[in-house]
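I have placed the structure first, in the form of C-alpha cells, so that the comments after it can refer back to it.
The values are calculated or read from the model by the stated rules, or taken from the named source; none is laboratory data. In this text the structure is predicted, and so the values were computed from the model without any measurement. Quick reminder, even Gly has a Cβ in these numbers, built from the backbone with ideal geometry, and neighbours come from all protein chains shown.
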Amino acid sequence: MKGLAIVKGLFCLSILSVLTSCGAVRQMSQSNIDRADSIDSKIAKARNMEAITCAPEDLAKAETHLVLARHEAQEFHDQREMDEYFQKAEIAADELISKTTPCWQAMLRERADEDADGVADYLDRCPKTPKKAEIDARGCPLDADNDKVADYMDDCPATPEDIQVDGKGCPTDQDGDEVADYLDRCPSTPNGVSVDAIGCPLDSDGDEVADYLDACPNTPSGVSVDSKGCAPDSDGDNIANYLDKCANTPKGAVVDASGCPIDTDGDLLSDWDETNKYKTDPNNADTDGDTLSDGAEIFTHNTNPLLADSDGGGVNDGLEIAYAKTNPLDAADDVKEVSRTELSIQFDVNSDKIKPEYKDDIAKIADFLQQYPEVTIQVEGHTDAVGDEDYNLFLSQKRADSVIDTLISNYGIEPTRLKAVGYGEAMPLAPNETKEGRALNRRIYAVGTTK
Amino acid sequence: MKKKMLIIAISMAAAFAVGCSTTTVLKDARTKLDEAQARNAGTFAPYEFSAAQHYLEFAEEEAEDFDYKAAKSFASTSIYYSEQAIEKSNSGGAR
C-alpha cells in the first residue's frame, strides 16, 4: 500500500513536470503587469539614454531579470515569491538608470555643439561663433593678427602685433587722416587736412608751416617765414623782402611785382612820389610841358617840374637844355635864339623845288616847332657867289620860301611862326674860289627864337 | 497490476527524457558562454555576454526547479546571446 502511494506520488510529480514543461501557464495579475510595465519603461528610458554604451552589463541584468520576473509571474508562484522577482528586476532597473543617467549627460555634453562649428560645447571656448567664421582647435574664430578682432570681422586682418585697433580690427586713426595712429607722426591733424605718408599736414614749400596754416604756401626754400608761413615784408607793400627790390616803399604806395612803387607815366618818379612829394601829375611824364620829364627835371637838371621856365628867364627849361645849351636855372643866360639848325637840303641849279629825299630834314623842324609852341622859326637861304648877285638873292629867297611852304602845307605849322629870309651870296662861310668853299656857302638854316 | 507499472515506467521515462534534453541544452549554453569568455566578450560585447550569463544562470535555476521548458528556453536564449557576443568579439567589438 505504501509502495503504491509512492508510485502514485512520483506519477503525479511526473505529470506535473510534463505539464509544466508543456507550457501550462496562468494569466499575470494586473498588479504584476503594471510592475512589469513600470520596470520596462525604466529600461526603455535607459536604452534611450544609450544604456547599451553607458552600462551594458546593467542593461542586460535589468532586461533579463524582467524577463525572469514575467516568466515567474506566469508560473504557479505565490505573491511573496513574485515580489522577490519583481523586486530584483526593479533594483536592477534602478541601478541601470542611476548608472546610465550621468553617463548620458556626459555624452550629451560631449555631443552638444551650439554653434555647429565642429567643436563640442564643453571643449568650445567660443560656443557662439557665427557660422561664417573659420575657427581654431578651441572653437574660437581665427585671429591672424592677434588684434582680438576675429578675422571674419576684421577689415584689417594683417595689423602688426600690439597695435591698438578699433571695432573693425583696423588700427586706430584718431584724427581721421587715413594714416593709422601707430604710423602717424602727427596724430592730431585737424579734420579734412591733407596729410603725407606719415600723417603730417602737407607743407609744400617746406617752410615748416603746414599748408593749411600757410598764408604763403609757395615760399621758396630757405626763406625764413613768420608764423603764418610768409616771408617778412618790412615795408608792408605785400611783396616779401626777398622779392622786394624797393624794400622801403612808403606806406600806401602802389607797387609792382618787384615791390617797387608804380611809375605810370614812366618819368622815373613813382606815382606815390609824384602825388605826395612832388605834386606832379603821375599820369603825365612832363607835367609842366617843357619837354623835360618830371624825373629828369628833379634828378638830372634840378629844375622845377611844375614850371616850364624854372629860372623865369623867358626860355623854357627844355629849350635851354636841348637847344640853347644855357642854364635853365639862370635867367640871365636866356637868349632869344635858341637854336640854329642847318638843313642839308640840296637844290638843283636855279631850282627852288625840294626833292623828296629832304623831307625828313623838314619834318624835324616841324617836330621841333610842335614841341615848343612858343618858338618861331626863321628860315635863312644862302647861295655861293657864282652868277648874278641879284639873282642869287632872289633864288635864296625862293628856296627859303619853299621850306616855309612845306612846313605850312605838310605839317600845319602856323604861318605866323614862320619867316623866310634870302641872303644870297652876302654871308659866305667859306671862300667861293674852291668847289668845297662854294658847297659850304650854299646852305639853309632854321633859326629858332622865342618871343 | 503489470499494466499500471508499465504506465508508471513510461511516465517516468518521459520525464527523464525531457530532463536529459534540457541538460544537453544547458551544456551547450555553458560551452558557448565559455567560448565567448575566451574571446574576451566581456570586453568587446559586454551587453550580450552579460545577458548570456544571466540567461544561463536562470536556465540552471529553472532546471533545478524542474521547470525544464523554462530552463531550455533560457538556455537557448543564453546560447543566442553567447553567439552574438562571440561574433562581436571576433569583429573587435564593432557593431
Checklist entry - Given the residues A:ILE43, A:ILE6, which is the only one that is modelled with pLDDT of 90 or more, out of contact with any Cys (no Cβ under 6 Å at 6 or more places or on another chain) and among the hydrophobic types (A, V, I, L, M, F, W, C)? => result A:ILE43
Checklist outcome for this item: Screening A:THR287, A:THR264 for residues that are in contact with a Ser or Thr (Cβ under 8 Å, 6 or more places away or on another chain), in a loop (DSSP other than H, G, I, E, B) and of a type in the set (Ser, Thr, Tyr) leaves only A:THR287
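Tell me the residue from A:VAL403, A:VAL421, A:VAL379 that is β-branched (Val, Ile, Thr), surrounded by fewer than 20 Cβ atoms within 10 Å (Cβ to Cβ) and in contact (Cβ under 8 Å) with a residue 12 or more places away in the chain, please.
Numbers: A:VAL403 fails: surrounded by fewer than 20 Cβ atoms within 10 Å (Cβ to Cβ); A:VAL379 fails: surrounded by fewer than 20 Cβ atoms within 10 Å (Cβ to Cβ).
Result of the check over A:VAL403, A:VAL421, A:VAL379: A:VAL421.
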Item to check | Pairs where the first residue, in segment B:27-47, is touching a residue at least 40 places away in the same chain (Cβ under 8 Å) and the second is among the aromatic types (Phe, Trp, Tyr), C-beta under 7 Å, 6+ apart | outcome: B:ALA36/B:PHE49; B:ALA41/B:PHE49
Next on the checklist: Condition first: part of a loop (DSSP other than H, G, I, E, B) and without any contact (Cβ under 8 Å) to a residue 12 or more places away in the chain. Now tell me which residues in segment A:424-436 satisfy that.
Outcome noted: A:ALA430, A:PRO431, A:GLU433, A:THR434
Next on the checklist: Suppose we filter segment A:350-370 for residues that are outside any helix (DSSP H, G or I) and either in contact with a Phe, Trp or Tyr (Cβ under 8 Å, 6 or more places away or on another chain) or surrounded by 11 or more Cβ atoms within 10 Å (Cβ to Cβ) (or both); how many remain?
Outcome noted: 5
Checklist entry - Condition test on A:LEU108, is it crowded, with 19+ Cβ neighbours inside 10 Å and either part of a helix (DSSP H, G or I) or at pLDDT 90 or above (or both)? => result no
Next on the checklist: Please determine whether any residue of segment A:17-33 is at pLDDT 65 or above, more than 60 Å from the chain's Cα centre (by Cα), assigned to a helix (DSSP H, G or I) and within 14 Å of chain B (Cβ to nearest Cβ).
Outcome noted: no
Item to check | Exclusive hit being over 26 Å from A:ASP317 (Cα atoms) and touching a Gly at 6+ places or on another chain (Cβ under 8 Å), set A:ALA385, A:ALA426, A:ALA439, A:ALA400 | outcome: A:ALA400
Checklist outcome for this item: Within segment B:73-94, the residues that are of a type in the set (S, T, N, Q) and in contact with a Leu (Cβ under 7 Å, 6 or more places away or on another chain) are B:SER78, B:SER82
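Output the number of residues of segment A:176-192 satisfying the condition of being more than 23 Å from A:ASP147 (Cβ to Cβ) and surrounded by 14 or more Cβ atoms within 10 Å (Cβ to Cβ). Break it down into steps so the answer makes sense when it comes.
Taking segment A:176-192 as the starting set, the residues that turn out to be more than 23 Å from A:ASP147 (Cβ to Cβ) are A:186, A:188-192.
Checking which are surrounded by 14 or more Cβ atoms within 10 Å (Cβ to Cβ) leaves us with A:186, A:189.
Result for segment A:176-192: 2.
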Next on the checklist: Checking the conditions here, which among B:TYR68, B:TYR47 is crowded, with 20+ Cβ neighbours inside 10 Å, in contact with a Gly (Cβ under 8 Å, 6 or more places away or on another chain) and within 13 Å of another protein chain (Cβ to nearest Cβ)?
Outcome noted: B:TYR68
Next on the checklist: Condition (residue is under 60 Å from the mean Cα position of the chain (by Cα) and within 28 Å of A:ASP317 (Cα to Cα)) applied to segment A:339-358: is it met by at least one residue?
Outcome noted: no
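Just for segment A:47-62: of the residues that are of a type in the set (D, E, K, R) and within 7 Å of chain B (Cβ to nearest Cβ), which one is surrounded by the most Cβ atoms within 10 Å (Cβ to Cβ)? Please lay out each step first, then the result.
Going residue by residue through segment A:47-62, those that are of a type in the set (D, E, K, R) are A:47, A:50, A:57-58, A:61.
Those left that are additionally within 7 Å of chain B (Cβ to nearest Cβ): A:57, A:61.
Numbers: A:GLU57: 17, A:LYS61: 23.
Ranking the candidates gives A:LYS61 first.
Can B:ALA29 be described as within 13 Å of chain A (Cβ to nearest Cβ), modelled with pLDDT of 95 or more and buried (at least 23 other Cβ atoms within 10 Å of the Cβ)?
Numbers: within 13 Å of chain A (Cβ to nearest Cβ): no; modelled with pLDDT of 95 or more: yes; buried (at least 23 other Cβ atoms within 10 Å of the Cβ): yes.
The answer is no for B:ALA29.
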Item to check | The one condition in (1) at pLDDT 95 or above; (2) more than 10 Å from every other protein chain (Cβ to nearest Cβ) that B:THR24 fails to fulfil | outcome: (1)
